[in-house]
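Written out below as structure tokens is the structure these notes cover.
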Amino acid sequence: MQFEYKVEGGDFTMAGVASSQVKKTLKQLGVDSSVIKRVVVALYEAEVNIVAHAYRGVIYVDIEGDGIKLKLVDEGPGIPDVPLAMTKGFSTASPSVREMGFGAGMGLPNISENADFFSIETQVGQGTTLQIEINFT
Amino acid sequence: MKLAEIAEKLDLTVFSGENNLDKEVTGGYASDLLSDVMGHAKEGQIWVTLQTHKNTMGVASLKDLSAVVLVKGFAPEADTLKLSEIEGIPVLGSDKEAFELCGELYKLLG
């Protein structure tokens, strides 16, 4: 089962829509609720990262019998220092984004903690691709 | 404890979700950082915050929280209220500061 969601940079009114749709689908499929919770946290954070940092992006969702694969491809500034970006509390979010309670430097760590597989490919000035996999069992 | 009982005992304003006050509250989480709530709040908890925008509803719904309580007399934005009704997550409010409200909530739920 495959889905695609477009995400616009800067549009916080739509942040979380893809996560909400995926949550509903996984519920309908009868996936274990503890697994759904992990998917939701990881996907929401990745979705918000595109909104907060990139110009636009696409979320590719691939649900198979034994797990879910998420690929988030964005056009954006890229991440100059991935280990630094992975550090809890580090953020490059703008003041206005922080005022909304985003940009606390917890997004990538939250993804990493909830994923069974997680990878970041990034090119400064071009964009970032995140791959997240979570097993159902 | 039911949300309605908490709302009554703590004299909370019910901004939205009046029909969903029979929910059971399992505990509370206080934070103004959305990623903190995403990462650490648990299903059924009541969320104490001063964030009034609609993304709080998105987070509360994704995390299956029971309700959001705004502190210090803050009121929710219009689109927050709309989403609150759609998601079935009540938005409540208090004039108290977070520290004080959390203390009272903890006494009730602890």
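The values are calculated or read from the model by the stated rules, or taken from the named source; none is laboratory data. If you're wondering where the values come from, they're calculated on a predicted model, not measured in any experiment. As a convention, Cβ positions derive from the backbone with ideal geometry for all residues, glycine included, and neighbour counts pool all protein chains shown. The accessibility values were calculated without ligands, DNA or RNA, using every heavy atom of the protein model including side chains. Shrake-Rupley method; radii C 1.70, N 1.55, O 1.52, S 1.80 Å.
Annotation note: trypsin sites (Lys or Arg not before Pro) in the range B:2-80 located in DSSP loop regions with a Cβ neighbour count of at most 14 within 10 Å are B:42, B:72. For chain A, the longest principal axis of the alpha carbon atoms and the long axis of helix A:33-53 meet at an angle near 30°.
Taking a sphere under 13 Å around the Cβ of residue A:9 and counting the other residues whose Cβ falls inside, with K and R at +1 and D and E at -1, yields a net charge of -3. For residue A:87 and residue A:55, the difference between the fully extended length at 0.36 nm per residue and the C-alpha to C-alpha distance is 9.2 nm.
Charging the Cβ of each Asp and Glu at -1 and of each Lys and Arg at +1, and nothing else, the dipole of the range B:3-109 about its Cα centre rounds to 180 debye. Computed from point charges on the beta carbon alone (+1 for Lys and Arg, -1 for Asp and Glu), the dipole magnitude for the range A:69-129 about its Cα centre is near 80 Debye. Taking a Cβ cut-off of under 13 Å around residue B:11, the surrounding Lys, Arg, Asp and Glu residues balance to a net charge of -3, with basic ones at +1 and acidic ones at -1.
Only one residue of A:77, A:14, A:54 has its Cα farthest out toward the positive end of the dipole of chain A, where Lys and Arg carry +1 and Asp and Glu -1 on Cβ, and that residue is A:14.
Please report the antiparallel percentage of the DSSP beta bridges confined to chain B, to the nearest 5. Each step should come with its number before you reach the end.
Values: 4 of 15 bridges.
Here the antiparallel bridges make up roughly 25 percent for chain B.
When the helices in the protein assembly as shown are scored as -39500 (n - 2.57) per DSSP H run of 4 or longer and the sum is shared across all residues, what 222 nm value do you end up with, to the nearest 500 deg cm²/dmol? Spell out each step's value before the answer.
On the way: 10 runs with 94 residues, N = 247.
One gets -11000 deg cm²/dmol as the mean residue ellipticity at 222 nm.
Computed from backbone phi, the HN-Hα couplings of the range A:124-134 come to 4, x, 10, x, 9, 10, 9, 10, 10, 10, 10 Hz, rounded to whole numbers (Karplus: 6.51 cos²θ - 1.76 cosθ + 1.60, θ = phi - 60°; Gly and Pro given as x).
Think of chain B as having a plus end and a minus end, set by charges on the Cβ of Lys, Arg, Asp and Glu; of B:73, B:57, B:41, B:41 sits farthest toward the positive end of this dipole. Only Cα pairs under 8 Å and 6+ residues apart enter the sum, and on that basis the relative contact order of the range A:2-135 stands at 28 percent.
Counting only DSSP beta bridges with both residues in the protein assembly as shown, what percent are antiparallel, rounded to the nearest 5?
On the way: 36 of 47 bridges.
Around 75 percent antiparallel, to the nearest 5.
Between residue A:106 and A:89, the built amide H atoms are under 5 Å apart, and every one of these is 5 or more places off in sequence or on another chain.
Where does the charge balance sit around residue A:98 when Lys and Arg score +1, Asp and Glu -1, over other residues with C-beta under 14 Å from its C-beta?
Numbers: positive: none; negative: A:99, B:32, B:36.
Combined, the nearby Lys, Arg, Asp and Glu give -3.
Roughly how many Å is it from the Cα centre of the range A:5-29 to that of the range B:1-53, as a whole number? Comparing the Cα centres of the range A:5-29 and the range B:1-53, I get a distance of 22 Å. Between residue A:94 and residue A:4, the contour length at 0.36 nm per residue exceeds the Cα-Cα span by 29.6 nm. Computed on the range B:3-109, with alpha-carbon pairs under 8 angstrom and 6+ residues apart, the relative contact order is 31 percent.
The modelled label-to-label distance between residue A:133 and residue B:24, using points 7 Å beyond Cα along the C-beta direction, is 3.8 nm. Ranking of A:60, B:29 by solvent-accessible surface, largest first: A:60, B:29 (1.4 Å probe, protein heavy atoms only, all chains present). In degrees from 0 to 90, rounded to the nearest 10, what is the angle of the helix A:17-28 Cα long axis to the longest principal axis of chain A? Approximately 20 degrees, to the nearest ten.
Across the range B:28-43, rounded Karplus estimates of 3J(HN,Hα) from the backbone phi angles (6.51 cos²θ - 1.76 cosθ + 1.60, θ = phi - 60°) give x, 9, 10, 5, 9, 9, 5, 5, 5, 5, 4, x, 10, 5, 10, 3 Hz, Gly and Pro being marked x.
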